[in-house]
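Structure, as structure tokens:
The values are calculated or read from the model by the stated rules, or taken from the named source; none is laboratory data. Computed from a predicted model, the values in this text were never measured in an experiment. Methodologically, a virtual Cβ is constructed for each residue, glycine included, from the backbone with ideal geometry; neighbour enumeration extends over all protein chains shown. Accessible surface is based on the protein model in full, side chains and every heavy atom, while ligands, DNA and RNA are left aside. Shrake-Rupley method; radii C 1.70, N 1.55, O 1.52, S 1.80 Å.
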Amino acid sequence: MSNICKTVTLRTRKIKNGEQLSFYLDYYPGYRDESTMKVMRHESLGIYIYAKPKNQRERDYNDHMREKAEALRCRRFESIVNERYDFFDKEKMKGSFLAYLKEKAEKKNTKWENVYKHFEKFCNGKCRFDEINVDLCNKFKEYLMTAPQTLHKEHRLHINSIAGYWSTFRAVLHTAYREHKIPENPNGFLERIDTIPTEKEHLSRQELIALANTQCSSPVLKKAFLFSCLTGLRKSDIKQLTWEKIQPYGDGGMYITLRMQKTKELVNNPVSNEALDLIGYYDEDAERQPTDLVFKGFNDSLTQAPLKNWLKAAGITKHASYHSSRHTFGSLQVEAGTSVYTVQHMLGHKNVSTTQIYAAMADESKRESVDKITLKSAKIAQMKVG
């Protein structure tokens, strides 16, 4: 709302044939109720007085009710002023931070949901906004350091998972502060958790071809994984991809335009005819709507045992996950000679340093590059070849 409520005035109006007056609050220019998001201009208090008191008893009653109404007016005005100047009343701070975290997690992804599950266990199912401070946050950090995995409870969380969960939790704190849920942002006093560099497992060209020629127990998994290898889309983007997001562009080619779930970056990437054939884009007999999901029925459970069994059947022994499809796209693009900067934009990386990792993964390109520097003259090299 562009206007901020400046005054809260106590007023009365006649009811019951004018024998009684009802108190109500008049907001100027208006006040937005956070629970309903409706702009309130008037609010009945449910307090009534005599319009024309006939005796002292009725006059005393009117004075007493008027005091109550005035107290409510002051309380409401104080609440509005607190909102305007970022003060926090006690009732608001007693709200559930845990419920707030759950609401945010449900709108995000699995990682956010895991953060909620761990924090719920850490705080024994209860945590208010007024309990959020640096000490509590650091204790949650210590909890994560020894916490078990969500699925495989016999194993502790990997340090990179801990770093990711901690980063997500800090993002929630920042959002809560920005939305005036907590009076201070603890992040300035919280240390980051460093990650351990890990090899980005990817498939070689031969492995990718072998996988494409191997039967999979789930057709939608096979299509989704191979499509990610050909486009570089993350699993989260594959799950929300609809047909209407694949559109022709000015250069005559087909493009995928979407906002990435993880980074919220808007990408507009060309898609190959092979990738389009894989999903049956040009199938005229297919019954589908523009808003239908391209990979209907694809879910996280398919990326566990079904994916592992498919990789094993193709003779691939690497410890590959669904995200390896994205690494495969990046490494094979660099290996084929595509510039790192082009790959950066196609993958939606904010920093080129993230994309440059794929340059080190392109083994075949490195093999060819070593022969480009020689101690022999061009003539000797030609004689050797001949």
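Quick notes
- Among (1) without any contact (Cβ under 8 Å) to a residue 40 or more places away in the chain; (2) under 21 Å from MET260 (Cα atoms); (3) surrounded by 17 or more Cβ atoms within 10 Å (Cβ to Cβ) - the single one LEU241 does not satisfy: (1)
- Number of the exception - TYR177 against (1) open to solvent by 70 Å² or more (accessible area, probe 1.4 Å); (2) under 30 Å from VAL134 (Cα atoms); (3) assigned to a loop (DSSP other than H, G, I, E, B): (3)
- In region 47-70, the residue that is least open to solvent (accessible area, probe 1.4 Å) out of those that are under 18 Å from LYS14 (Cβ atoms) and part of a loop (DSSP other than H, G, I, E, B) is ALA51.
- Test: residue in region 179-187 that is closer than 24 Å to LYS107 by Cα and of a type in the set (A, V, I, L, M, F, W, C): yes
- When residues in region 308-326 are screened for being open to solvent by less than 20 Å² (accessible area, probe 1.4 Å) and outside any loop (DSSP other than H, G, I, E, B), 5 of them pass.
- Of all residues making up region 246-277, the number that are in contact (Cβ under 8 Å) with a residue 40 or more places away in the chain and assigned to a helix (DSSP H, G or I): 2
- If you go through region 296-350 and pick out every residue that is of a type outside the set (Val, Ile, Thr) and over 21 Å from LEU266 (Cα atoms), you end up with 30.
- Checklist (1) closer than 18 Å to HIS345 by Cα; (2) among the hydroxyl-bearing types (Ser, Thr, Tyr); (3) more than 28 Å from the chain's Cα centre (by Cα) applied to THR263, failing item: (3)
- Considered as a group, the residues in region 125-155 that are of a type in the set (Asp, Glu) and without any contact (Cβ under 8 Å) to a residue 24 or more places away in the chain include one that is farthest from ASN187 (Cα to Cα), and that residue is GLU154.
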